[in-house]
1. In a Gaussian network model over the chain where Cα atoms closer than 10 Å are linked, find which of V45, V119, V64 has the largest mean-square fluctuation.
2. Connecting C-alpha atoms closer than 10 Å in a GNM of the chain, tell me which of P56, P36, P46 has the biggest fluctuation.
3. Around Q89, what is the net charge, scoring Lys/Arg as +1 and Asp/Glu as -1 over all other residues with Cβ under 15 Å from its Cβ?
4. Using the Cα atoms of the chain to build a convex hull, what is its mean projected area in square nanometres?
5. Rounded to two decimals, what is the ratio between the C-alpha radius of gyration of region 90-133 and 2.2 N^0.38 Å?
6. Let's see if you can work this out: charge +1 on each Lys and Arg Cβ, -1 on each Asp and Glu Cβ, no other charges. What is the dipole magnitude of region 90-133 about its Cα centre, in debye to the nearest 20?
7. Taking the Cα of R121, stepping 7 Å toward and past its beta carbon, and measuring to each backbone N in region 84-112: which are under 17 Å?
8. Within region 81-125, list the GluC sites (Glu not before Pro) lying in a DSSP loop whose Cβ has at most 14 other Cβ atoms in a 10 Å radius.
Amino acid sequence: MSDKKAGQPTISARYLRGLLMLQAGRCALTGSSLHPNEARADHIVPLSRVDLDPSPGVGNLWIVSRNANAAKGQMEYDVFVEMCRTVVQHHDESERLMRLCSDASNVPLVEKDVFAKWVARHLAPDGTLDVAG
């Protein structure tokens, strides 16, 4: 592999085709069948995680669907999986909120000072909002 740009190795089409065959034509994240136009090479360890010294090339790539790649973004695999589990566990509440929020008449218009007091009242020590607690 030669450098295409500073620090960016050239990944051969042969290698990418080999990855897709190794994965049996399926997305590494979802297991769904891939259409070649929807397939994306994704870094297993995101390049943004310089503290983990990720490789920009071979050995740090897998093939995923365009949608899975967009959902994962710059997250590490374990963080992404945990987020997906949380989304599934929260599904019923998300459905309720989607119905509620999709009707603008349900959303109160809140003045800045009222909002600031609400935030101060519900701010947890870790900086998150804890309305239930």
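Any read-out appearing in this document is the output of simple, stated calculations on the displayed coordinates, not a laboratory observation. All values reported here derive from a predicted model rather than from experimental measurement. Methodologically, a virtual Cβ is constructed for each residue, glycine included, from the backbone with ideal geometry; neighbour enumeration extends over all protein chains shown.
1. For the chain, modelled as a Gaussian network with Cα springs under 10 Å, the answer is V119.
2. The residue with the greatest mean-square fluctuation here is P36.
3. Net of charged neighbours comes to -2.
4. Convex hull of Cα atoms, orientation-averaged projection: 12.9 nm².
5. Output field value: 1.41.
6. The dipole of region 90-133 has a size of about 160 debye.
7. Within reach of a label on R121, which here means backbone N under 17 Å from a point 7 Å along Cα→Cβ, region 84-112 contributes 108-112.
8. E111
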